[in-house]
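Worksheet: one structure, shown below.
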Amino acid sequence: MTWQTRDSKIVYENRWISVREDQVTGPGGDGIYGVVTLRHPAVFVVALDASDRVCLVTLDRYTTGRSIEVPAGGTDGEDPIIAAQRELFEETGLRADEWTLLGEMTALNGVTVAPEFVFLARGIRAHASRTDGQTEEGIQDVSWVPFPEVVEMIADGRIRDGETIAALTYAAIHLGRLR
């Protein structure tokens, strides 16, 4: 059975998201479905240096507390590659010479409309030691971790952010480390 929307109304919105309440008929019958729509897609950057280390940022998320993640953020209406380059610089002070789109994904697709783009950045060069973006985002640490250790960090729960895990998986597949 396909889902049928009988009625829909926006119940909340701001400059980043809108929340919609739909009256639906689905596989389980009639009901109410809440949907969060992100206004702009997000980008995730797996920055890999010449020593096979991944750049990770540590920050304190309002919703979940301390989190270790790859650099990421919203596109703010920009082309995803431009946004990815901006986010890498704002969060780490780094630039990259080589950019590869690894794939697209969606976050929490049971309740959100949230398209995301994952990029691999190589040819890394330091451009600034500290950026205003780091302060604004609450980034506490920028670290370089060998790729095999990043996998261990996922396995032991130090990295819990699902989108970071998915982005790293895209990178591992692209690099021939998962087959």
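The values are calculated or read from the model by the stated rules, or taken from the named source; none is laboratory data. Predicted model, so just to flag it, every value in this text is computed and none were measured. Cβ placement follows ideal geometry from the backbone for every residue including glycine, while neighbour counts extend to all protein chains displayed.
Of all the residues that make up region 4-38, how many are hydroxyl-bearing (S, T, Y) and more than 21 Å from G77 (Cα to Cα)?
Final tally of qualifying residues: 4.
Would you mention how many residues in region 11-25 are under 9 Å from R39 (Cβ atoms) and assigned to a strand (DSSP E or B)?
3
Which of the following residues is surrounded by 16 or more Cβ atoms within 10 Å (Cβ to Cβ), of a type in the set (A, V, I, L, M, F, W, C) and modelled with pLDDT under 95: I68, I124, I139?
I139
With respect to G73, determine if the residue is within 27 Å of G157 (Cβ to Cβ), in a loop (DSSP other than H, G, I, E, B) and not basic (K, R).
It is false that G73 is within 27 Å of G157 (Cβ to Cβ), in a loop (DSSP other than H, G, I, E, B) and not basic (K, R).
For region 26-70, enumerate the residues that are among the aliphatic types (A, V, I, L, M), outside any loop (DSSP other than H, G, I, E, B) and in contact with a helix residue (DSSP H, G or I) (Cβ under 8 Å, 6 or more places away or on another chain).
A42, V43, V45, V46, A47, L48, V54, L56, V57, L59, I68
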